[in-house]
1. Any chance you could list P(r) for the chain, counting all Cα-Cα pairs in 20 angstrom bins from zero, rounded to whole %?
2. Quick one: among Pro36, Pro315, Pro145, which has the greatest mean-square fluctuation in a GNM of the chain with alpha-carbon springs under 10 angstrom?
3. Mind jotting down the distance between the C-alpha centroids of segment 84-116 and segment 203-229, whole Å?
4. Among Gly171, Asn106, Val32, which residue has its Cα positioned farthest towards the positive end of the charge dipole of the chain, with +1 placed on the Cβ of Lys and Arg, -1 on the Cβ of Asp and Glu, and the dipole taken about the Cα centre?
5. Who wins for biggest fluctuation among Ile207, Ile308, Ile271 in a Gaussian network model of the chain, springs between alpha carbons below 10 Å?
6. How long are the semi-axes of the equivalent ellipsoid of segment 143-191, defined as square roots of 5 times the Cα gyration tensor eigenvalues? Whole Å, largest first.
7. So what's the gap between the Cα centers of segment 281-301 and segment 128-170, to the nearest angstrom?
8. Could you tell me which helices of the chain pass both thresholds, a Cα extent of 15 Å or more along their own axis and a mean Kyte-Doolittle hydropathy of at least -0.5, with helices taken as whole DSSP H runs?
Amino acid sequence: MLHKKLIRQVRRLTRLLVPTTTERPGSSPGVVTPPPEAVKPTLDVIGFGPDGYDEKKGVTLEECEPFLAKWTCVWIDVSGLGDASLIERIGARFNIHGLALEDIANTSQRAKVEDYDEYLYIVCRSADFEEGGLYCEQMSLLVTPKVLVSFQERPGDCFGPVRSRLRAGRGKMRTWKTDYLAYALLDSVVDSYFPVLEKLGDELDEIEDRLIVRTSEEDMASVHSIKRDLLLLRRSIWPHREAFAWLVRDENPLITAETKTYLRDAYDHVIQITDIVETYREVCADLRELYLAEASNRMNEVMKLLTIISTIFIPLTFIVGVYGMNFRYMPELQERGGYFVVWVVMVGIALAMLVWFVRAGWIGRRK
């Protein structure tokens, strides 16, 4: 049963870790091809500046134009990639390169930053649990001096705190430019990993407590499931190191020195998450070794018990074997109490061996 579970987990892990693409071999670059499972997109637009804030949900691209004319900073959030024409129209409106539009629709991208002079294209991946298990979603950001366009695979995200800060007007959200908004979104994406890691850490602690008491195949299957999730997390979070390092180190007019200070803090969080993932992977390996060691110890205890029983019966088998030969002139065969004497001798031998095994520490508590 455990073997079948492991096979299913390996197959699912392979589908999650191996990048997939909707492009046909030899197709032209820059072709926007959304994945088959992509949902219909919805647009939300937020305009803000030192003088105020405005928000509108479920708009069309044309309805975003008044925001672009009125506000100093505009955030257009696209949830869903099921409409290639919408992505292409957004690209045409903001003069986005076709290769960037192609990467937006291809949701198997690694975290990265691409500099197109007039704008930055940033890819990041968030993490969350759903009914089917761990899910890592690709998010793309197009950062221009005045407009930030974010693309998500589906509705529902980790950007709620950023929207709340914009509505409340707290901190620097309304007074700074789109580079600080991009930092806030990236920081929310990075922070989405901490609840996931906390849940996995709690599960590992519970499994370790159970394995110390008694091993079970179900716990081992859980360890393999957690290890699969950690592999997916590692593949998702590791490229963020290079992406954030680029944002921190390289000079770009779209990112101010003040924003880089905050980006360094987000980069530290990425390093911390990477270290936690590696630590949990080592914990999974240790739990696997603990399981194998406990299983080996349990087998050794069974073998020791069987060996003790066999050892006790060796002299008893010898005695009954000798007297079971039934030769005519064997001594003591005609004794009236011989049968009871043999039983007393055999029981005495067995008890003497048990006492010896106990004092030697082979049975019961060791000294």
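1. 23, 38, 17, 11, 9, 3, 0
2. In the Gaussian network model the winner is Pro315.
3. Going from one Cα centre to the other spans 42 Å.
4. Asn106
5. Ile308
6. 17, 14, 10
7. 41 Å
8. Membrane-span-like by this criterion, though nothing is claimed about a membrane: 2-17, 178-191, 193-213, 217-249, 257-323, 338-360.
Bear in mind these aren't lab numbers, they're just calculated from the coordinates by the rules spelled out. Note that the structure is a prediction, hence the values are computed from the model and not measured. Because the Cβ atoms are built from the backbone with ideal geometry, glycine has one as well, and the counts that use them run over all protein chains shown.
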